[in-house]
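Inspection log for the structure reproduced underneath, given as structure tokens.
We did not get these values from a lab; they are worked out from the coordinates using the rules stated. Here the structure is a predicted model, which means the values were calculated and not measured. Here Cβ is always computed from backbone atoms with ideal geometry, including for glycine, and neighbour counts include all displayed protein chains.
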Amino acid sequence: MRIAIDINGITERSGGVGNYVRLLVQELAAIDRRNEYLLYLHHWRAIDGAALRRVVPQQPNFQLVFHRMPNSVALFSEYKLGFRLTEALLKRRAIDVFHGPVNIVPRFKSMRSVLTLHHYKMDSFLPRDLGARGRLYFEVSAQAAAAADRIITVSEATKKTIVQELGIPSEKCTVVYPGGPHPVHRTLPGVALPPALAERLPGRYILFPGPLNLRKNLPMLLEAFASVQDRLGGYRIAVTGQPSAAYAAAILALAQRLGLGANVVLLGEVSMEEMARLYNRAEFLAYPSLYEGFGSPPLEAMACGCPVMASGTTAIPEVVGDAALLFDPANREAVAQALLRMTGDPALRRDLAAKGLERVKRFSWRRMAEAILEIYRQAGS
């Protein structure tokens, strides 16, 4: 069987999407030397050959194909103009199954398709977070779900959403959980923060991971923190991710208005290695998201021995199980009470950290790849 996989984003170092594509490809290479894989790139920038060599399997049954074409052009052609551009470009390659691992799959007549849908909620993003291309991307995801022959969802919550809201037949969808944290996320006893981060975080801190957008619910966390600040004993909130200038200004203005001042520290983008150190040194992770199709940061924190408090909504409870303190992310008092419990109860933090280290073992990239390979076989038969 010849399988094509859209690997756009495979070299992105931040965010769960790049990690998902990279580790899917690497695990397929480890378990399957029989089928042929065509790794398909299509964007306007020239290929970064060195970056690709680090992540693309160098074995005979894997081949890289690159078309210099903007993603937005491909999306618009496929779903607005009705022109099957990807099929035209790949028609001579005798592909049996095409996998779109990140929410989009082209329309095909001559080949079967598998779509991984990570989330379906455009209204959980601010328009300025998305831009024109991002809005197009979300607008066509419903059409992509309808066009795909098989759909993989990363959680039961996402499956339920698309079955109910898009009318997708339940039997067309299979839940396959992502494999969990990147191996760089692990316990690092006695580790110190890099000097530049340590200078900005000299004491105890609560970690809030980016990216920063509407659904991550940072303003609610700040309001809840401010309401009980006098009972929190000098904690800071450390925020990672690179927001737009307007969003950063709004967050800092809110912090000033709430009297938080230097207690909110915007760290910007950090590397995965730096993030692992931040998890290890944090008192706990605060994850007040309003919507998640899966939600990787809680598992990353757990793998590092970092206790977690998280929203009890959408996919998050099925991911964290009993290894996190859950709260209502739309209720400021509930968030505040969760903060007080986490800061005031070291035994609770130790218990959650221990449960988290066990919980994260349930997620395996190898098992994910094996399940997806079986879906390829079913789709191609």
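What to note about this one:
- Gyration tensor (alpha-carbon) shape descriptor, region 30-90, a/c threshold 1.5: oblate
- Average Cα contact separation per residue, region 195-362, under 8 Å, 6 or more apart, as relative contact order %: 24 percent
- Extension gain for residue 367 to residue 340 (0.36 nm times residue separation, less C-alpha to C-alpha distance): 5.9 nm.
- Approximate spin-label separation residue 199-residue 91, in nm, with each point projected 7 Å along Cα-to-Cβ: 6.0 nm
- Highest average packing first - 311-320, 372-381, Cβ atoms within 10 Å: 311-320, 372-381
- Cα centroid separation - region 339-361 against region 266-313, whole Å: 13 Å
- Note on region 1-72 and region 189-243: Cα centroid distance 34 Å, given to the nearest whole angstrom.
- Rounded if a/c under 1.5, otherwise prolate or oblate - the chain, Cα gyration tensor axes: prolate
- Under 5 Å from the amide H of residue 43 lie the amide H atoms of 67, 69, each residue being 5 or more positions distant or on a separate chain, with H modelled from the backbone and absent for Pro and chain starts.
- Net dipole in debye of the chain [+1 Lys, Arg Cβ; -1 Asp, Glu Cβ; about Cα centre; nearest 20]: 820 debye
- Rounded, prolate or oblate (a/c below 1.5 giving rounded, otherwise prolate when a/b exceeds b/c) for region 195-362 by Cα gyration tensor: rounded
- Region 187-265, Rg to Rh (Cα coordinates; Rh as Kirkwood inverse mean 1/r): 0.97
- Per-residue [θ]222 nm for the chain (sum of -39500 (n - 2.57) over DSSP H runs n ≥ 4, rounded to 500): -13000 deg cm²/dmol
- Each Cα pair under 8 Å and six or more residues apart adds its separation to the average, and for the chain the resulting relative contact order is 16 percent.
- Charge tally in the Cβ shell below 11 Å around residue 111, where Lys, Arg are +1 and Asp, Glu are -1, residue 111 excluded: +4
- Evaluated over the chain, the count of Lys pairs having alpha-carbon atoms less than 29 Å apart is 28 (only pairs 8 or more residues apart or interchain).
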